[in-house]
Amino acid sequence: MTTAPERLVNYVTMEFPAEPDNVAFARTAAAVFASRLDFTLDELDEIKVAVSEAVSNAVLHAYPGGGGVIRMELGVTGGGALKLTVIDDGVGIADVDAARRPQWTTRPDERMGLGFTFMQEYMDKLDVVSRPGAGTRVVMVKAPARAAVAGAR
Amino acid sequence: MLIATRRSQDSLIVRMTGELDLRTAELFRSEVRRAWEAPPRPRHLILDLRGLTFIDSAGVGAILARCRDVSHSTAGRVVAFGTRPHVHRTLAMAGAWRVMHVAATQREALAVAKGEGSA
C-alpha cells in the first residue's frame, strides 16, 4: 500500500506506533515538510489540523487491541502540491461514506465525528480507502493558494 | 498544554496554553472539572484562549463537553476570549459559537458572563 515515489518530486516516509503521543509529532513533522512549499501560516495551520484528524482517527479506531503502526507519507507532487497519506493496517471502516458525515462516531466519547469534516474543509482533496480487516488509507492533497494565483498570471 | 484556573466572583477563568488535541483533552477535562466542583461552585466558565496555539476535533469536542456541563449544572454562560484566527475558524466550523459567547478581552468576557455584554 505504498505510494509510487516516482510520481513525487520529493517525499518523506515515517512510521510510528498508533499512540496519542504521536499525534502532535505527526502534525508538526507534516507542517515542517509543508513549510518548504509556498504555504501561508494559515494554510500550515490547516494542514496541521487535517493531519491531526487523520492520525487521531487511526490512533482511536484502527487498533482496538492496541499495538498498531501508522505510516505517514509526505510528498510534493510534480505540480507543487502537498500530498499527505496516512495508512494503517487496522480494522478498517465498513461504511466510509457514513464515517465522512459530520457527527458520526463509533465511540460515545467527546469527539464529535468532525474529523473528516475538518480534513475536507482544510484540504483541496480528500480520499479515504478502507475495507474491514484491510486497514485504512487517507490521502489528502493541498496546493498553496498563493502559488496558484502566481501561476495563473 | 498548561491549564491554569482561577476564580473571579462567580466565574471560573481557565487559561489554556499550548495545543488541545486527543492527548491533552483529558488534562483539560479533569482540570476544569476539579476547579468547577470546588466550593463555592462557580456559575460561568471563561476560557482564556490567548495561548491556545492549536485545536482539532478532539479539542473542540472537549470544549463543547464543558459547555454542556455548565449548561446542565448552573445554566451559566461560557465565554471565550483571545482566540487566534485559525483556532477561531475551527471552532466556528464546529458550530461552537452557537453555544459559547465570544469576547475580545477578559474584562469583556466577565461582563458578557454576567449578561452585561452584547455578545
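Laboratory data are not the source of any read-out in this text; all were calculated from the coordinates shown. Not measured: the values here are computed from a predicted model. Note: ideal-geometry Cβ built from the backbone for every residue, glycine included; neighbour counts use all protein chains shown.
For segment A:9-14, in order, what is each residue's ³J(HN,Hα) by Karplus, 6.51 cos²θ - 1.76 cosθ + 1.60 with θ = phi - 60°, in whole Hz (x at glycine and Pro)?
Along segment A:9-14, the couplings run 7, 7, 7, 9, 10, 9 Hz.
List every residue whose amide H lies under 5 Å from the amide H of B:Met100, counting only residues 5 or more places away in sequence or on a different chain, with H placed 1.01 Å from N in the peptide plane.
none
What is the mean number of Cβ atoms from other protein chains located within 10 Å of the Cβ atom of each residue in peptide B:21-28, rounded to a whole number?
So the per-residue partner count for this stretch is 5.
Counting DSSP beta bridges with both partners in segment B:2-113, what percentage is antiparallel, nearest 5?
In segment B:2-113, DSSP labels about 30 percent of beta bridges as antiparallel.
What ³J(HN,Hα) values, in whole Hz, does the Karplus curve 6.51 cos²θ - 1.76 cosθ + 1.60 give for segment A:71-88 when θ = phi - 60°, with x put for Gly and Pro?
Once θ is set to phi - 60°, the couplings for segment A:71-88 become 10, 10, 10, 10, x, 10, 7, x, x, x, 9, 8, 10, 10, 10, 10, 10, 10 Hz.
Nearest 5 percent is fine: what portion of the DSSP beta bridges confined to the protein assembly as shown is antiparallel?
Percent antiparallel among DSSP bridges in the protein assembly as shown is about 70.
Could you tell me the calculated FRET efficiency between A:Glu121 and B:Ser8, based on Cβ-Cβ distance and R0 = 30 angstrom, to the nearest 0.05?
0.25
Could you check the simple spin-label distance between B:Ser30 and A:Glu19, using points 7 Å along Cα→Cβ, in nm with one decimal?
Between B:Ser30 and A:Glu19, the label points sit 1.7 nm apart.
Evaluate the charge dipole of segment A:8-152 about its Cα centre and quote only its size in Debye, nearest 20, assuming +1 on the Cβ of each Lys and Arg and -1 on the Cβ of each Asp and Glu.
Its charge dipole is roughly 260 debye.
Answer with one residue from B:Ile13, B:Ala113, B:Leu64: the one whose Cα lies farthest towards the positive end of the charge dipole of the protein assembly as shown, charges on Cβ with Lys, Arg +1 and Asp, Glu -1.
B:Ala113
In what sequence, highest mean first, do B:21-32, B:90-101 appear when ranked by Cβ atoms within 10 angstrom?
Going by the mean number of other Cβ atoms within 10 Å, highest first, we get B:21-32, B:90-101.
Express in nm, to one decimal, how much length is gained between A:Arg146 and A:Ala94 on full extension, taking 0.36 nm for each residue of separation and deducting their alpha carbon distance.
Using 0.36 nm per residue and subtracting the Cα-Cα distance, I get 14.9 nm.
Using a Gaussian network model of chain B with C-alpha springs under 10 Å, which one of B:Arg33, B:Arg15, B:Arg77 is most mobile by mean-square fluctuation?
B:Arg33
Under 18 Å between alpha carbons, and skipping anything fewer than 8 positions from A:Lys48 in its own chain: which aspartates and glutamates qualify?
Output for A:Lys48: A:Glu15, A:Glu19, A:Asp21, A:Asp38, A:Glu73, A:Glu121, A:Asp124, A:Asp127, B:Glu19, B:Asp21, B:Asp56.
For the protein assembly as shown, with only Lys/Arg (+1) and Asp/Glu (-1) charged at the beta-carbon, what is the dipole magnitude about the Cα centre, in debye rounded to 20?
For the protein assembly as shown, the charge dipole is close to 760 debye.
Taking the number of other C-beta atoms within 10 Å as the exposure measure, put B:Lys114, A:Lys83 in order starting with the fewest.
In increasing order of surrounding Cβ atoms, one gets B:Lys114, A:Lys83.
Over chain B, calculate the relative contact order: mean separation of alpha carbon pairs under 8 Å at least 6 apart, over the residue count, as a percent.
RCO, chain B: 24 percent.
Considering amide H positions built from the backbone, and no H for Pro or chain starts, which residues 5 or more places from A:Gly68, or on another chain, come under 5 Å of its amide H?
Excluding prolines and chain starts, which carry no amide H, the hits are A:Ala18.
Let's see if you can work this out: charge +1 on each Lys and Arg Cβ, -1 on each Asp and Glu Cβ, no other charges. What is the dipole magnitude of segment B:2-113 about its Cα centre, in debye to the nearest 20?
Roughly 220 debye for segment B:2-113.
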